[in-house]
1. Out of the stretch 46-86, which residues are within 16 Å of ligand 1 (Cβ to nearest atom) and either among the β-branched types (Val, Ile, Thr) or touching a Lys or Arg at 6+ places or on another chain (Cβ under 9 Å) (or both)?
2. Checking residue 25 against (1) surrounded by fewer than 18 Cβ atoms within 10 Å (Cβ to Cβ); (2) under 27 Å from residue 129 (Cα atoms); (3) touching a helix residue (DSSP H, G or I) at 6+ places or on another chain (Cβ under 7 Å): exactly one of these is not met. Which one?
3. For the stretch 138-145, check the following and say yes or no: at least one residue is under 27 Å from residue 24 (Cα atoms) and either small (Gly, Ala, Ser) or within 13 Å of ligand 1 (Cβ to nearest atom) (or both).
4. Has the stretch 28-44 got any residue that is closer than 30 Å to residue 138 by Cβ and among the polar types (S, T, N, Q)?
5. Tell me yes or no: at least one residue of the stretch 121-129 is surrounded by 12 or more Cβ atoms within 10 Å (Cβ to Cβ), in a helix (DSSP H, G or I), in the same structural domain as residue 7 (by TED's automatic domain parsing) and within 19 Å of the chain's Cα centre (by Cα).
6. Considering only strands (runs of 3 or more DSSP E) fully contained in the stretch 20-83, which possess at least 2 residues that are modelled with pLDDT of 90 or more?
7. Identify all residues within the stretch 40-60 that are touching a Leu at 6+ places or on another chain (Cβ under 8 Å) and closer than 11 Å to residue 18 by Cβ; write none if there are none.
8. Could you tell me whether the stretch 88-103 includes any residue that is within 16 Å of ligand 1 (Cβ to nearest atom), part of a loop (DSSP other than H, G, I, E, B) and either farther than 24 Å from residue 5 by Cβ or within 25 Å of the chain's Cα centre (by Cα) (or both)?
Amino acid sequence: MIDVSRLRLEPGEARAVEVPIALPVITIGGVDYTGPAAPAIARVDLTRLRAGLLLRLRLSTAIIGPCHRCLEEAVVPVTIDASEYQAEHPEPGAESEEVCDYLEGDDLDAATWGADAIVLAMPLKILCRADCAGLCPSCGTNLNERPCQCPPPAADDRWGPLRDLVTGED
Ligand SMILES: [Zn+2]
Ligand SMILES: [Zn+2]
């Protein structure tokens, strides 16, 4: 928690504060993903403007969990650069633009902000590497380690009827 009032920022002044961010366990499809054991350190820049407070949170960390294709541990780097703004006198009805959800009075809950930002930045598919070959659907061999002897996947057969059409076979 950052007590903004203690920074005593005058209009035009800025201050950077470092905050440790612990990544929550994120469960996707029954699989748990988490961050590195040591909490990541976020840098929060607070700038007092004439009519409000500008907040920027930057953070580099990683998401760790099983690879979507081969189930081996994957470490996916995540970089956050998020901004919020809190107007001194927010206009009613303009809430999302002028009110920072993580600011409660003078207390900025940077830890929750950082954790939320990491969840939002989570890639749709966690892969150990972009070209991960995955597991063979027939025998379960990790194809990153060695090829297996299984015939090519049956998925290719969807072209079968088309091929028959073209060659006139029945
Ligand atoms: Zn993989
Ligand atoms: Zn196989």
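1. Within the stretch 46-86, 63, 64, 67, 68, 69, 74, 75, 76 qualify.
2. Condition (3) is where residue 25 drops out.
3. The answer is no; no qualifying residue exists.
4. There is no residue in the stretch 28-44 that is closer than 30 Å to residue 138 by Cβ and among the polar types (S, T, N, Q).
5. For the stretch 121-129, residues surrounded by 12 or more Cβ atoms within 10 Å (Cβ to Cβ), in a helix (DSSP H, G or I), in the same structural domain as residue 7 (by TED's automatic domain parsing) and within 19 Å of the chain's Cα centre (by Cα): present.
6. Strands (runs of 3 or more DSSP E) meeting the threshold: 31-33, 40-48, 52-66.
7. Selection gives 40, 41, 42, 43, 44, 45.
8. As a first pass, look at the stretch 88-103 and keep what is within 16 Å of ligand 1 (Cβ to nearest atom): none.
No, the conditions are met nowhere in the stretch 88-103.
The values are calculated or read from the model by the stated rules, or taken from the named source; none is laboratory data. This is a predicted model, so every value here is computed, not measured. Cβ coordinates were reconstructed from backbone atoms using ideal geometry, including for glycine residues, and neighbour counts include every protein chain displayed.
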